[in-house]
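Report on the structure given below.
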Amino acid sequence: MMELNGGAGDASSCVPSLRPSPTAQSCPRCQRLLVACTCGLSITPNGGNLWGLDVVFATGYDNEDLLPGDVLDIENCESQPGNDLDLASPMCEKNQQHDDFISAVELSTDNLPGALKDPTVCVWLRNCSPLVVRLLRNNVATGRALIISNEVGLTVPCDQIHCGVRGEHVLHGGIGIITNKHVVMNTDQAATTKVEFFYNDDDKRDSVVKELGHQLHFTNRKMDYTMFSCYVHDRDLVKLVENLDLRRQHAWGCIPRHIRQASSAFAIVISHPHGVVKKISFGRVIDREMRCRNAEEKRNFQLIRFLYEICAKNNALERFAAYFAVYPDLPLPYTITWYDTATCKGSSGAPVYMGNIVVENGVEINQAHTHRGFDQSKGYNNCFT
Ligand SMILES: [Zn+2]
Ligand SMILES: [Zn+2]
Ligand SMILES: [Zn+2]
């Protein structure tokens, strides 16, 4: 088993290179005063509490970027670590759903809905779960980790001021985090978002790995989709994410075909509702609707699909992503999917598994969508695809 070091380092050796002084020092990353910067990383006189939650509440998520006329309840929330949802948020207006959340580490075949009740589905979900991360800035949201292969092997010097690890050292690239655009909208926000890997078990909080986001990689306003990179202290963490991703894909392939097909009627969410330890919830897809407003969108869609197919055939999907990134606001049609799965504040940005299949190099991959929020006009959760 490989050893993972948290970004905050060993508490006993955690001496920041700069200490607060009577003269104001500003953070090079977020330009705030060091003692309470928006990174949520306070530099305390005794060098402890580098990851203290008390300073995480400095700024609010900016919700201005929502679609016009959108009546969405944004599901970010204040941080409530722990295991019990009713304790974390007794006043939650959806608290009748709290019993529907299953602890991710305790998931068993018995918890699965009828058509999916098979041990292979349980194994697959238990392999999806480790890649789900908790995101913290002033609020809590959820994201999922993946590999950005052209950043594997890259390093950047660690920002000394934010780190408790002594001496000059580098951070390792290769990990990307997918979440909503309304959670992380730009590089400033990416660089001040804390990413917590492996908050799976409240009794094992020591194994949680905490890092900071690095920069925005790709964002799409209309799809409410963001991917940002996350450079980490432990190179092995990049390898681990790569392995977990392969295991997840392999586990999907082990599910009998008729069950894989049946899974498109279900919406499975893995998230940190109210910021508590990782939970899984099951529900059904209620409705899907394609929104195509004009001929231009349709033409763009056909062109993009043509480009995608050529790139996929030539094993060059990264090139496709690069092309696509040039036109982040290209008018495209999109599909809205509604589902009744339990979600709460903190579930924003979480993966939703709805049996969506892409085939890459002959291998069937289950591609998650990204949970947005609760659509008040419909009375159900929604996501864009
Ligand atoms: Zn800062
Ligand atoms: Zn460092
Ligand atoms: Zn709730």
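Taken over region 201-216, the residue count meeting the criterion of being touching a Ser or Thr at 6+ places or on another chain (Cβ under 8 Å) and buried (at least 20 other Cβ atoms within 10 Å of the Cβ) is 3. Taking the criterion of being outside any helix (DSSP H, G or I) and either touching a His at 6+ places or on another chain (Cβ under 9 Å) or within 16 Å of ligand 1 (Cβ to nearest atom) (or both), the residues of region 82-121 that qualify are 82, 84, 89, 92.
Each row is one residue, and each column tells you yes or no for (1) part of a strand (DSSP E or B); (2) touching a Pro at 6+ places or on another chain (Cβ under 8 Å).
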residue: 190; (1), (2): no, no
residue: 200; (1), (2): no, yes
residue: 219; (1), (2): yes, yes
residue: 230; (1), (2): yes, no
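Could you tell me whether residue 155 is surrounded by fewer than 20 Cβ atoms within 10 Å (Cβ to Cβ) and in contact with a His (Cβ under 8 Å, 6 or more places away or on another chain)? Here the answer is yes, as residue 155 does meet what is asked. Among the conditions (1) modelled with pLDDT under 90; (2) surrounded by 20 or more Cβ atoms within 10 Å (Cβ to Cβ), residue 276 misses just one, which is (1). The number of residues in region 238-266 that are modelled with pLDDT under 95 and either part of a strand (DSSP E or B) or within 30 Å of residue 138 (Cβ to Cβ) (or both) comes to 5.
Would you confirm, using the coordinates I've provided, whether residue 181 is assigned to a strand (DSSP E or B), buried (at least 17 other Cβ atoms within 10 Å of the Cβ), away from ligand 3 (no atom under 16 Å from the Cβ) and at pLDDT below 90? Even if it seems obvious, please write down each step before you answer.
Details: assigned to a strand (DSSP E or B): no; buried (at least 17 other Cβ atoms within 10 Å of the Cβ): yes; away from ligand 3 (no atom under 16 Å from the Cβ): yes; at pLDDT below 90: yes.
For residue 181, the condition - assigned to a strand (DSSP E or B), buried (at least 17 other Cβ atoms within 10 Å of the Cβ), away from ligand 3 (no atom under 16 Å from the Cβ) and at pLDDT below 90 - is not met.
There is no residue in region 311-326 that is at pLDDT 85 or above, on the phi < 0 side of the Ramachandran plot, surrounded by 12 or more Cβ atoms within 10 Å (Cβ to Cβ) and not in a loop (DSSP other than H, G, I, E, B).
The values are calculated or read from the model by the stated rules, or taken from the named source; none is laboratory data. Everything numeric in this text was worked out from a predicted model, so none of it was measured. Positions of Cβ are generated from backbone atoms using ideal geometry, with glycine treated the same way; all protein chains shown enter the neighbour counts.
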